[in-house]
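K.L.:
For reference, the structure I am asking about is given below.
The values are calculated or read from the model by the stated rules, or taken from the named source; none is laboratory data. Computed from a predicted structure; not experimentally measured. Every residue, glycine among them, receives a Cβ derived from its backbone with ideal geometry; neighbour counts consider all protein chains shown.
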Amino acid sequence: MKSPLLSLPGAVPAEAPDEGVAAHYGDLFREQRTLADGSGFVDLSHRGVVTVSGPERLSWLHLLITQHVSELPPGRATEALILSAHGHIEHALYLVDDGETTWLHTEPGDQEALIAYLESMKFFYRVEVADRTEETAVVHLPAGSIAEVPEGAVVRETPHGRDLFLPRADLESFAAAHGPAVGVLALEALRVEAHRPRLGLETDHRTIPHELGWIGTAVHLQKGCYRGQETVARVHNLGKPPRRLVFLHLDGSEVHLPPHGTPVRLTADGAEGRQLGFITTSARHHELGPIALALVKRNVPVDAQLMAGDTAAAQEVIVQP
């Protein structure tokens, strides 16, 4: 969906996977500092919104997702994954329950496949699944924001800020009252700084939760009864995921950032050396300079000097080998 806030002065449309909202409004570093100071908001109205209602919604979701939600209190935010039978990540969900309905948002466009899966698993449970994307927009308020929440909005509050589910028709009035608007590139830079993975960027068709540090935040290890749980338990007990997420400080003298999918190799092996992984997200940070997340093989030494394409990169450990 194309956001009406793209008509704001200076708005530059974002590219995949964030088409439909603004990448920035003319000053990327100022916008990052605005978020870091607890001001402004980010238009995430391109994200999919799904609701699950009915008296058995939480006990039913508990059987399908990686998180423990059977007794989730109203207003408590959580995140969860849906895995394949082999433990590979298929969906990432960002949830909150308001006491009557569970609200969640997903990656742009992912809501259709998610709803198809949920509908196939309803059986005789008293639940209703609905696509609310056309009528509901998500906006993000940074941690420390003192902005008032509009009446009727559903709030999902986390240590990283508040996600608001509000009527899409109210998006422009919200922007007028809660500006300045900040583009998604600023939020992405802060996400990379915080080492937080994102479905479709840090994941591919064979990613398991352990590789990205999603164990503990999106996966509850003391529950079972969900698809892919056997893989989660086995890898956790053996302690040997095949790959691991790393944080990279990139050479600041390079003009261009290495895009998603750029091969990562050992510096000593040069550009023709064996590929050890790939860049998942790169960003320009207002304090750290060019940074990135990358997925590399588990046995890459933690002190190894790496190359992201032609760009020198120093790694920091996120997931222990």
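K.L.:
Taking only the range 202-216 into account, find how many residues are surrounded by fewer than 17 Cβ atoms within 10 Å (Cβ to Cβ) and either assigned by TED's automatic domain parsing to the domain that holds Ser282 or under 23 Å from Tyr117 (Cβ atoms) (or both).
P.N.:
Of the residues in the range 202-216, 3 are surrounded by fewer than 17 Cβ atoms within 10 Å (Cβ to Cβ) and either assigned by TED's automatic domain parsing to the domain that holds Ser282 or under 23 Å from Tyr117 (Cβ atoms) (or both).
K.L.:
Additional query: Which condition number in (1) under 21 Å from Pro108 (Cβ atoms); (2) in contact (Cβ under 8 Å) with a residue 60 or more places away in the chain; (3) in contact with a strand residue (DSSP E or B) (Cβ under 7 Å, 6 or more places away or on another chain) is the one that His46 fails?
P.N.:
Just one mismatch for His46, condition (3).
K.L.:
Something else about it: Consider Thr158 against the criteria (1) crowded, with 20+ Cβ neighbours inside 10 Å; (2) within 21 Å of the chain's Cα centre (by Cα); (3) in the same structural domain as Glu15 (by TED's automatic domain parsing): it satisfies all of them except one. Which criterion is unmet?
P.N.:
All conditions pass for Thr158, except number (1).
K.L.:
Hey, another quick one. Please work out if Glu90 is charged (D, E, K, R), in a strand (DSSP E or B) and under 20 Å from Gln229 (Cβ atoms).
P.N.:
So Glu90 fits the description; yes.
K.L.:
How many residues are more than 20 Å from the chain's Cα centre (by Cα) and either loosely packed, with under 11 Cβ neighbours inside 10 Å or outside any loop (DSSP other than H, G, I, E, B) (or both) when one looks only at the range 1-17?
P.N.:
Residues meeting the conditions: 6.
K.L.:
For the condition of a type in the set (Val, Ile, Thr), in contact with a His (Cβ under 7 Å, 6 or more places away or on another chain) and crowded, with 17+ Cβ neighbours inside 10 Å, what is the one hit in Val182, Val138?
P.N.:
Among Val182, Val138, only Val138 is of a type in the set (Val, Ile, Thr), in contact with a His (Cβ under 7 Å, 6 or more places away or on another chain) and crowded, with 17+ Cβ neighbours inside 10 Å.
K.L.:
Considering the range 225-239 alone, what residues qualify as being within 24 Å of the chain's Cα centre (by Cα) and among the polar types (S, T, N, Q)?
P.N.:
Passing the criteria: Gln229, Thr231.
K.L.:
Which one is nearest to Arg196 (Cα to Cα) among residues in the range 67-81 that are among the hydrophobic types (A, V, I, L, M, F, W, C) and in a loop (DSSP other than H, G, I, E, B)?
P.N.:
Ala77
K.L.:
Just the residues that are loosely packed, with under 14 Cβ neighbours inside 10 Å and under 22 Å from Glu15 (Cβ atoms), please, taken from the range 237-281.
P.N.:
Correct list: Val255, His256, Pro259, Gly261.
K.L.:
In the set Phe174, Phe124, Phe165, which member is among the hydrophobic types (A, V, I, L, M, F, W, C) and free of Cβ contacts under 8 Å to residues at least 24 places away in the same chain? First the steps, then the outcome.
P.N.:
On the way: Phe174 fails: free of Cβ contacts under 8 Å to residues at least 24 places away in the same chain; Phe165 fails: free of Cβ contacts under 8 Å to residues at least 24 places away in the same chain.
The unique qualifying residue is Phe124.
K.L.:
Can you spot a residue in the range 194-201 that is buried (at least 22 other Cβ atoms within 10 Å of the Cβ), touching a residue at least 12 places away in the same chain (Cβ under 8 Å) and within 26 Å of Asp163 (Cα to Cα)? Before the answer, list the steps.
P.N.:
Pass one, the range 194-201, residues buried (at least 22 other Cβ atoms within 10 Å of the Cβ): 197.
In the following step, the residues that additionally are touching a residue at least 12 places away in the same chain (Cβ under 8 Å) were identified as 197.
Now narrow it down to the ones that are within 26 Å of Asp163 (Cα to Cα): 197.
Looking through the range 194-201, at least one residue is buried (at least 22 other Cβ atoms within 10 Å of the Cβ), touching a residue at least 12 places away in the same chain (Cβ under 8 Å) and within 26 Å of Asp163 (Cα to Cα).
K.L.:
Keeping to the range 305-321, report how many residues are surrounded by 16 or more Cβ atoms within 10 Å (Cβ to Cβ) and either among the polar types (S, T, N, Q) or in a loop (DSSP other than H, G, I, E, B) (or both).
P.N.:
6
K.L.:
Taking only pairs six or more apart or across chains, which ones have beta-carbon atoms under 6 Å, a first residue in the range 297-321 that is under 22 Å from Leu257 (Cα atoms), and a second residue that is charged (D, E, K, R) and part of a loop (DSSP other than H, G, I, E, B)?
P.N.:
Correct list of pairs: Thr311/Asp251; Thr311/Glu254; Ala312/Asp251.
K.L.:
Condition first: loosely packed, with under 14 Cβ neighbours inside 10 Å, at pLDDT below 95 and either touching a Leu at 6+ places or on another chain (Cβ under 7 Å) or small (Gly, Ala, Ser) (or both). Can you find one or more residues in the range 282-296 that meet it?
P.N.:
No, the range 282-296 contains no residue that is loosely packed, with under 14 Cβ neighbours inside 10 Å, at pLDDT below 95 and either touching a Leu at 6+ places or on another chain (Cβ under 7 Å) or small (Gly, Ala, Ser) (or both).
K.L.:
Then there is this: Specify the residue that is farthest from Gln32 (Cα to Cα); the eligible residues are those in the range 262-297 that are touching a helix residue (DSSP H, G or I) at 6+ places or on another chain (Cβ under 8 Å) and part of a loop (DSSP other than H, G, I, E, B).
P.N.:
Leu288
K.L.:
Would you be able to say whether some residue in the range 1-20 is β-branched (Val, Ile, Thr) and in contact with a helix residue (DSSP H, G or I) (Cβ under 8 Å, 6 or more places away or on another chain)?
P.N.:
no
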